[in-house]
Every structure is written in C-alpha cells, then in structure tokens.
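The values are calculated or read from the model by the stated rules, or taken from the named source; none is laboratory data. The model shown is predicted, which means the values in this text are computed figures rather than measured ones. Here the Cβ positions follow ideal geometry from the backbone for every residue, glycine too, while neighbour counts run over all protein chains shown. Heavy atoms of the whole protein, side chains included, go into the accessibility calculation; ligands, DNA and RNA do not. Shrake-Rupley method; radii C 1.70, N 1.55, O 1.52, S 1.80 Å.
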Amino acid sequence: AAEMAAAPAAGGAARGRGATSFQRKAAAGSRLAAVAGTRPSVRHGQLLLSSGVPSLDCVLGGGVAVGTLLLIEEDKYGLYSNLLFKYFLAEGVVCGHDLFVASATEHPDNMLKELPAPLLDDTCRNELREEATAVKSEDLQGSMKIAWRYQNLPKMEASPTTSTKFGHYYDVSKTMSPELYQSIKWHSFYLPEELSLQPKMKICNMNSAYARLLQSIQRIIYQEGFDGSDPQKKQKNILRIGIQSLGSILWGDDICSSDTPEDVHSLTKFLYVLRGLLRKSLSACIITVPAHLIQNKAIMERVTNLSDMVVGLESFIGSERETNPLYKDYHGLVHVHQIPRLNSLICDVSDTKDLAFRLKRKLFTIERLHLPPDLSDTVSRTSKQDLAESAKLLSSGCGAMAIGKKHLDF
C-alpha cells in the first residue's frame, strides 16, 4: 500500500518537473519561427521577415509579414526604389530564401550580380560607430549656436530602431560575391524572353504580360512546395517575389501614357489575384510602381487599396530641396501611405510621421526628419520664405485662406 501511495506522488513530482502545457505552446512557437530569417511578431503573431533595411522594418511595424505585398512608389529617377528592391533580394540571399525576380527592363541575372554585399558584424559595428562619432562631432560644432535652454532637452533618436537585432546591413559600394547568390535557388522572369517564347494571351481582360507573370508565380508556388494550404507540400522556406516597375509602358500597360487608358483594370486585377496567391503561401512580395507617371489618380488609389503596405519615396534630385540648406543632411523623404491590419483592429503605426532617407558612404538609412535651427548663417532668406509659406499651407481653417495670396472678406 505504501509503494502504491508513493507511486502517484512520484508521478506527480515528475509531472511537476516535466513538460507542462505552457512549455508545449512554447515549443509550437519555436516551430513557427524555425524558418531561417523570420521571427513571429509579438503584436499580432504573424511571421515576419526583414526587408533588408532594419530602419524600414521598424517603420512597417517590425518587418514584412509572410503572405503580404509591399508596394514601393518609385522616386522620379528610380534610383532609391531600385536600391530598396535590391536590399529585399539581398536579404533573401543571406537568409537562404528562394527568389523570384521579374522585370521588363533589366535581366534578372544581371540584377542578382549587382546585389549589395552584406556587412559582417564587426565591420557593421565599426561603420555605425564611425557614423555616430561623425554625428557627435557635428553636434559639438553646432552646440554653441543653439540656445542654452534647448541643450538640456533629451534628443530624439536619429533613426527608428528595434530592441532585438533583425535583418542585416549591406555595403552599397561593393557587390555580393557570386558564391553567395549562386548558393540559393532563384527563378527569373524577363518579359522580352517570355513574349518571344509564347504568343500573346489575354485572360479575364488582363493584359498578356500580367497573365503570363501570374502563371509563372502560381506554377513556382505550387511546384516548389510553397503552397501553405497543402500540408503535404509545405516547405520550411520562404519565397521572396520581386517585381520591378510594374505598370510601366514596357509591361504593355498604358496607365502611364494616357489619362483614360484602355486596360484600366489590368493592374488592379493582377494585384487582386496576386494577393490571393500570397495569402495562402509561404511567400512575400515587393513591387515597385512608377506612381509619378500615372496620371489617373483613381487608378493609384485602387492600387494602394489592393496592397498591404505602401511606401513612397520622394527624392531631392532635380528639385529645389537639393540645394536647400535645410535638407543638406538628407537625400529624400519617405511617405508611409498604408500599413496592414494583421489579426487586429488597428495597425502598428509609428510615432514618427516625418521620415527622411539618406545614403551614407555605405549604408542606406531611414531617419526622423530634423531641420536645423533658424539661424542667419545657415538658412538663407529664401529658405525662410519657404518655411513661412509651408507654415501657411499647414495651417487650417478660414485663416489659412485669408493668409494666402487671395484675401477673402467675411
């Protein structure tokens, strides 16, 4: 009887020391994050991957969620949007993800050869330390110009950062070694080659280039085992899809050439079907769109609504802000138009609205926009007039209309 009484007690003690229900849930969570280069979001539980720019990940709420679409509105000359596109692909190479690259202008093979080289931890730490010391020296030089009562106020962080390291840094001045990008599996879609192989086709009033691109993406998702709805083919890897300059004339779309295009619903239908494919697959997509060339703004609104995340880049090249001393530390502005609502009623909105980007010697960063103090030796008279006019435009109500050039009598 004593032995029988001792047995349940020993079993209870073993259960107390052994695995509990909480530990089993933690094990399930670790299986979710078993895919390389991903992590589960603390906020909404969705699996996240890095865009290749850690500061952009912070702006987007922690990263790009698996099964979502990131739309980049290109800057006027497409320099910085193309750089973000390459960052996204380079992050996939470093993490060992499969790539699908589609373009109508440049062959994907050449694009992979121009990916930026990843920075090692020591090199990256040295680069960040050099940038920090340079910023500190600039602050020391300008500290005498700032009023004494502002010097003791806490400074804002220059760039949005996350608490844990996620994503990698890349050296823009160097290209990735061929051994690195040849070690992964990647698929290319070059539109001139695809059009020469097969005759023109049109599905559901969609232009032939979009229909052919959708067929290629669908075939790779199903054949390569990225279909999440089929448990037999589920693969512990991520497919990164990159489509460059979608909607341009080279894709056979006329939304950039006329205000009333014939294929007005071609691009929106493509995005609608693409999001359906992404939702049920282990994949994430980045698309660059020349939004400044689309004359019909209603089409751009539909494209925005059919995307999960929309980020616009406004470059200072060729504008008055390029020579304006107010913006001498930056190369352009970042406009976050849309952030997805994933498993929650509200989206993860950043506390900073004014964002700018700059390309340092080797690093591309997104930072909070800081304007210098209004000093006579740093800000010209025309810059002060620009600031005054922008303040008038930002003011609201009838007073804003009365302050402007046209005076209204009430």
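Restricting attention to segment 42-55 and to residues that are at pLDDT 85 or above and assigned to a loop (DSSP other than H, G, I, E, B), the residue that is surrounded by the fewest Cβ atoms within 10 Å (Cβ to Cβ) turns out to be 46. Filtering 344, 319 for residues that are touching a residue at least 24 places away in the same chain (Cβ under 8 Å), out of contact with any strand residue (DSSP E or B) (no Cβ under 9 Å at 6 or more places or on another chain) and either open to solvent by 20 Å² or more (accessible area, probe 1.4 Å) or on the phi > 0 side of the Ramachandran plot (or both) leaves a single hit, 344.
Applying the criterion of being charged (D, E, K, R) and open to solvent by 40 Å² or more (accessible area, probe 1.4 Å) to the residues of segment 294-314, the residue that is farthest from residue 75 (Cα to Cα) is 302.
Each residue in segment 56-75 was checked for being assigned to a strand (DSSP E or B) and touching a Phe, Trp or Tyr at 6+ places or on another chain (Cβ under 9 Å), and 3 pass. Please work out if residue 235 is at pLDDT 80 or above and out of contact with any strand residue (DSSP E or B) (no Cβ under 6 Å at 6 or more places or on another chain). So residue 235 fails the test. Scanning segment 56-97 for residues that are open to solvent by 10 Å² or more (accessible area, probe 1.4 Å) and within 19 Å of residue 179 (Cα to Cα) turns up 86, 94, 95, 96. Among the residues making up segment 84-108, those that are farther than 18 Å from residue 49 by Cα and in contact with a strand residue (DSSP E or B) (Cβ under 6 Å, 6 or more places away or on another chain) are 102, 107, 108. Residue selection: residue 321 satisfies the criterion of being in contact with a Gly (Cβ under 9 Å, 6 or more places away or on another chain) and either among the basic types (Lys, Arg) or at pLDDT 90 or above (or both).
Say whether the condition of being over 16 Å from the mean Cα position of the chain (by Cα), not in a loop (DSSP other than H, G, I, E, B) and not hydroxyl-bearing (Ser, Thr, Tyr) is met by at least one residue in segment 340-350. There is no residue in segment 340-350 that is over 16 Å from the mean Cα position of the chain (by Cα), not in a loop (DSSP other than H, G, I, E, B) and not hydroxyl-bearing (Ser, Thr, Tyr). In segment 95-114, what residues are of a type in the set (A, V, I, L, M, F, W, C) and either more than 17 Å from the chain's Cα centre (by Cα) or modelled with pLDDT of 95 or more (or both)? Passing the criteria: 99, 100, 101, 102, 104, 111, 112. In segment 103-118, the residue that is surrounded by the most Cβ atoms within 10 Å (Cβ to Cβ) out of those that are of a type in the set (A, V, I, L, M) and out of contact with any helix residue (DSSP H, G or I) (no Cβ under 6 Å at 6 or more places or on another chain) is 111.
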